[in-house]
Amino acid sequence: MKTLFDKIWDAHVVTTVADGPTQLYIDRHLCHEVTSPQAFAGLRARGLEVYRPGRTTLTADHNIPTIGQDQPIRDKVSRFQVDTLAKNARDFRLTYYGLNNPMNGIVHVIGPENGYTQPGMTIVCGDSHTSTHGAFGAIAFGIGTSEVEMVLASQCILQTRPKTMRINFEGKLKEHVGAKDMALYMIAQLTTGGATGYFVEYAGEAVRNLTMEERMTLCNLSIEMGARGGLIAPDETTFSYIKGREFAPKGERWEQAMAYWQTLHSDEGAQFDKEVTFDVSQIGAMITYGTNPGMGMPIDGTIPRLDEIDEAGKISFEKSLKYMGFAPGEKLEGKQIDYVFLGSCTNGRIEDFRLFTSYVKGKKKADNVTAWLVPGSWKVRKQIEEEGLDKILEEAGFALRQPGCSACLAMNDDKIPAGKYAVSTSNRNFEGRQGPGARTILAGPLVAAAAAVSGKITQP
Amino acid sequence: MKQEKMEKFQTITSTYVPLPIENVDTDQIIPARFLKATTRDGFGDNLFADWRYDKEGNPKPDFVLNDPTYSGEVLVAGKNFGSGSSREHAAWAIGSYGFRVVVSSFFADIFQNNALNNGILPVVVSDQFLGELFASSGANPQATVTVNLEEQTITNNETGKSESFGINSYKKGCLLNGLDDIDFLLSNKDKIEAFEQNRAYSY
């Protein structure tokens with residue numbers, strides 16, 4: 001009896017080092033401009049080629065502007081980094097989706113939307129949110145640049161086998177509560193290190209009821225509780241999402257794939273190292289109040305008091321609240337905010353834009369709010385336009401930007417100014433993450449929409 | 001077969017820099033705006049940049065790296081060090097600043113791998129041992145630790161107490177001998193090809 005994780009892991013073991021790591025074969029490798037240049041430089045220094053060029057795909061996303069992408073990137077250092085990626089693609093003969101390519105977008109958005117991400121695969125990228133692809137029943141995890149070089153050189157990686165955890169979400173979600181709220185609730189319960197050393201399988205009625213986009217949001221945030229990855233057994237929702245997409249198997253290959261993919265689930269009675277169950281009917285719309293994603297609470301909740309924090313954590317807790325300009329025991333509902341960011345590999349997909357638009361339709365953006373709406377890819381942006389969502393957004397006072405990671409990590413010009421509050425659908429509220437001194441309140445697309453319209457932290 | 005890629009790790013006795021903050025994420029270790037480089041060099045100058053410098057780039061006197069009382073090749077940090085982003089730049093920054101060891105009661109996975117791949121040893125100690133290290137350096141900034149990788153022990157030389165720490169023997173060998181993983185992987189090419197030919201379902 002095997003878990004889903006065991007089945008996929010075991011199918012990719014090339015060899016195991018005695019009292020050491022496993023040499024794991026990698027099916028898909030995604031690269032972006034920020035964490036790959038030193039790896040390609042390493043290959044050159046060793047005189048190596050890319051071992052299996054067909055298994056690596058490159059996209060520019062982290063360090064690019066989200067307006068005026070048809071112009072050369074103004075920041076010289078950023079431009080050089082993106083040019084270096086293009087040069088590496090040419091020199092090593094790799095597929096590259098550069099700026100203005102209709103396939104360009106955030107690495108964890110374009111993999112799934114093109115059918116490149118499939119059940120049973122091992123997928124890596126020099127980016128911790130690679131866990132997103134686990135939504136399809138794949139072992140997908142973020143790696144460092146030395147490991148990027150390993151994959152380029154050998155299509156393999158050395159990894160210690162993680163422990164397994166199953167997180168069951170049972171029951172039915174309340175109205176206006178979604179996958180982002182489930183994830184923020186889970187991380188608040190388990191803490192940011194609560195799943196370190198584990199690979200998580202998400203299961204239960206509430207997970208089965210999620211769309212693929214929502215499953216991606218949940219798996220995306222696995223790393224925020226320390227897990228290398230999170231995965232969900234593929235089912236009809238998964239198969240119908242993949243079918244017909246650009247790189248999905250076709251014809252007879254599709255039948256073969258389905259025969260295999262349908263075996264990809266944890267066997268009844270399979271043992272997990274840890275198992276946790278949440279009742280989703282208890283979850284409300286969530287926000288964060290601190291500087292790590294584990295510092296979350298329901299919108300109508302109260303920040304913990306100092307006497308509720310354990311001794312070793314007090315310095316960090318007080319530092320965190322000081323940074324945010326909040327006080328222990330404070331309520332945040334009704335608090336004025338300055339920025340709203342809809343986008344990122346967490347919430348930059350078509351469904352996130354549908355949700356946001358459904359809320360702001362017929363309403364107006366608050367005057368005190370600057371809103372950045374950044375589609376996860378050109379395909380997402382195109383679909384927004386095809387569905388007429390852009391018109392509804394425009395009438396409500398919102399404009400769409402061009403795809404990229406944008407204000408999630410603020411490597412480009414999309415920086416939240418120091419001291420300003422941003423309700424952000426991204427994944428990290430770390431100090432300075434969205435710009436030096438920026439204060440991030442993480443939330444789902446509906447909470448972001450409600451904040452954009454009211455100018456305050458508001459129940460959607 | 002293997003080439004020496006990293007400095008060999010030898011037993012270290014050193015003063016240490018205490019950072020009693022929990023959940024130090026890699027965005028604090030090296031903020032994203034410094035990730036635009038295409039080489040591995042120079043990140044040490046921006047290690048903990050937003051805690052270390054004010055807006056004008058002047059050192060903030062209250063941050064420990066700006067306090068000449070504390071120095072050494074060992075960084076001692078609160079639990080869950082290195083969480084968040086997979087950026088290896090965090091390990092490069094720590095290494096190029098001059099740290100060879102990071103001690104904490106808990107590390108994030110990816111950071112731990114990145115550190116090891118750059119010849120930096122993450123040492124996991126108990127919460128109590130960690131608390132005593134902070135207490136020792138608080139009382140005497142010249143307090144030292146000894147980290148012996150061969151024996152897998154760390155000693156607080158103020159209290160005389162030691163703890164053993166874990167590391168898999170493969171990685172231990174890499175650190176002691178200054179080797180990295182790529183040559184190992186390349187030496188297994190025949191196994192990789194055999195795997196590709198024999199897998200039950202191929203993508």
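Laboratory data are not the source of any read-out in this text; all were calculated from the coordinates shown. Small disclaimer: the values here were computed from a predicted structure and weren't measured. With ideal geometry, Cβ positions are generated from the backbone for all residues, glycine too; neighbour counts draw on all protein chains shown.
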Which percent, to the nearest 5, of DSSP beta bridges fully inside segment B:7-130 are antiparallel? 5
Give me the log10 of I(q) over I(0) for segment A:18-58 at q = 0.18, 0.21, 0.25, 0.27 Å⁻¹, as the Debye formula computes it from C-alpha points; what are the numbers? -0.66, -0.83, -0.99, -1.04
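For the protein assembly as shown, what proportion of DSSP beta bridges, expressed in % and rounded to the nearest 5, is antiparallel? Could you put the intermediate results ahead of the total?
Values: 26 of 79 bridges.
Bridges in the protein assembly as shown are about 35 percent antiparallel.
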Going by how many other beta carbons lie within 10 Å of each one, how would you line up A:Cys408, B:Cys174, fewest first? B:Cys174, A:Cys408
Where does each of A:317-324, A:262-269 land if you order them by average Cβ count within 10 Å, highest first? A:317-324, A:262-269
Can you compute 3J(HN,Hα) from phi for each residue in segment A:331-348, using the Karplus curve 6.51 cos²θ - 1.76 cosθ + 1.60 with θ = phi - 60°, rounded to whole Hz and x for Gly and Pro? 9, 10, 4, x, 6, 6, 10, 10, 10, 10, 10, 10, x, 5, 5, 7, 9, x
Across peptide B:171-183, what mean number of C-beta atoms from other chains lies inside 10 Å of a residue's C-beta? 3
Rank these for me by crowding, A:Arg253, A:Arg433, A:Arg166, A:Arg55, going from fewest to most other beta carbons within 10 Å. A:Arg253, A:Arg55, A:Arg166, A:Arg433
Any chance you could check the Cα centroid distance between segment A:4-42 and segment A:154-196 for me, in angstrom? 21
For segment B:14-33 and segment A:210-282, what is the separation of their C-alpha centers, rounded to whole Å? 35
Non-local amide H neighbours of B:Glu22 (under 5 Å, H modeled in plane, Pro and chain starts lacking H): which ones? A:Ser316
For segment A:302-407, using Cα atoms only, the Rg and Dmax in Å read 18.0, 54
Skipping prolines and chain starts, which residues have an amide H placed within reach, meaning under 5 Å, of the one on A:Tyr116, given they are 5 or more residues away or on another chain? A:Phe247
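Could you pull out every whole DSSP H run in chain A that spans at least 20 Å of Cα extent along its own axis and averages -1.0 or higher on the Kyte-Doolittle scale?
Working: long enough: A:76-92 (23 Å, -0.64).
Helices passing the filter in chain A: A:76-92.
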Highest mean first, how do A:84-90, B:139-145, A:352-358 rank when packing is the count of other Cβ atoms within 10 Å averaged over residues? A:352-358, A:84-90, B:139-145
Modelled label-to-label distance, B:Asn177 and A:Glu205, 7 Å Cα→beta-carbon offset: nm? 5.6
In nanometres, what is the gap between the two model label sites at A:Glu246 and A:Asp91, each 7 Å from Cα along Cα-to-Cβ? 2.5
Over 39 Å, how big is the tail of the calculated P(r) for chain A, in percent of all Cα pairs? 18
The convex hull of the Cα atoms of segment A:330-460, divided by residue count, gives a volume in Å³ per residue of 88
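Within 15 Å, Cβ to Cβ, of A:Lys363, how many net charges do the neighbouring residues add up to if Lys/Arg are +1 and Asp/Glu are -1?
Details: positive: A:Lys361, A:Lys364, A:Lys365, A:Lys391, A:Lys456; negative: A:Asp367, A:Glu394, A:Glu395.
My count for the surroundings of A:Lys363 gives +2.
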Skipping prolines and chain starts, which residues have an amide H placed within reach, meaning under 5 Å, of the one on A:Ala371, given they are 5 or more residues away or on another chain? A:Val340
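With r defined as the distance between the Cβ atoms of A:Arg74 and A:Ile315 and R0 fixed at 41 Å, what FRET efficiency is calculated, to the nearest 0.05? Don't skip to the answer; put the middle values down first.
Numbers: r = 40 Å, r/R0 = 0.99.
Result of the calculation: an efficiency of 0.50.
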Over segment B:1-115, what lengths in whole Å, largest first, do the semi-axes of the equivalent ellipsoid take, defined as the square roots of 5 times the eigenvalues of the alpha-carbon gyration tensor? 21, 18, 15
Counting only Cα, what are the radius of gyration and maximum Cα-Cα distance Dmax of segment A:76-119, in Å? 12.0, 40
q = 0.15 Å⁻¹, chain B: log10 I(q)/I(0) [Debye, one scatterer per Cα]: -0.94
On a 22 Å Cα-Cα criterion, which of the cross-link pairs A:Lys379/A:Lys415; A:Lys274/A:Lys319; A:Lys335/A:Lys364 come out too long? A:Lys379/A:Lys415; A:Lys274/A:Lys319
Can you work out the PRE-style zone for A:Arg161? Point 7 Å along Cα to Cβ, and I want the residues of segment A:260-278 with backbone N under 15 Å. A:271-274
Shielding of B:18-31 by other chains, given as the mean Cβ count within 10 Å, works out to 5
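Per residue of chain B, what 222 nm ellipticity follows from adding -39500 (n - 2.57) for every DSSP H run with n ≥ 4, rounded to the nearest 500?
Values: 8 runs with 63 residues, N = 203.
So the helix-based figure for chain B works out to -8500 deg cm²/dmol.
Using alpha-carbon pairs under 8 Å, 6+ residues apart, how would you state the relative contact order of segment A:286-454 in percent? Present the calculation step by step, with values, prior to reporting the outcome.
Values: 353 pairs, mean separation 46.4, N = 169.
Result for segment A:286-454 is 27 percent.
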By how many nm would the segment from A:Leu306 to A:Ala45 grow when fully extended, if each residue of separation counts as 0.36 nm and the alpha-carbon distance is taken off? 88.7 nm
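How do A:Lys361, B:Lys55, A:Lys456 rank when sorted from fewest to most other Cβ atoms within 10 Å of their own Cβ?
Numbers: A:Lys361 13, B:Lys55 9, A:Lys456 18.
Listed from fewest to most nearby Cβ atoms, that is B:Lys55, A:Lys361, A:Lys456.
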Other protein chain Cβ atoms within 10 Å, averaged over every residue that makes up B:75-84: 4
For segment A:254-369, treating each Cα as an identical point scatterer without solvent, what Debye log10 I(q)/I(0) comes out at q = 0.13, 0.22 1/Å? -0.84, -1.34
Using the Karplus curve 6.51 cos²θ - 1.76 cosθ + 1.60 with θ = phi - 60°, work out ³J(HN,Hα) for each residue of segment B:185-199 in order, rounded to whole Hz, and write x for Gly and Pro. 5, 5, 6, 9, 3, 4, 5, 5, 5, 4, 4, 4, 7, 9, 6
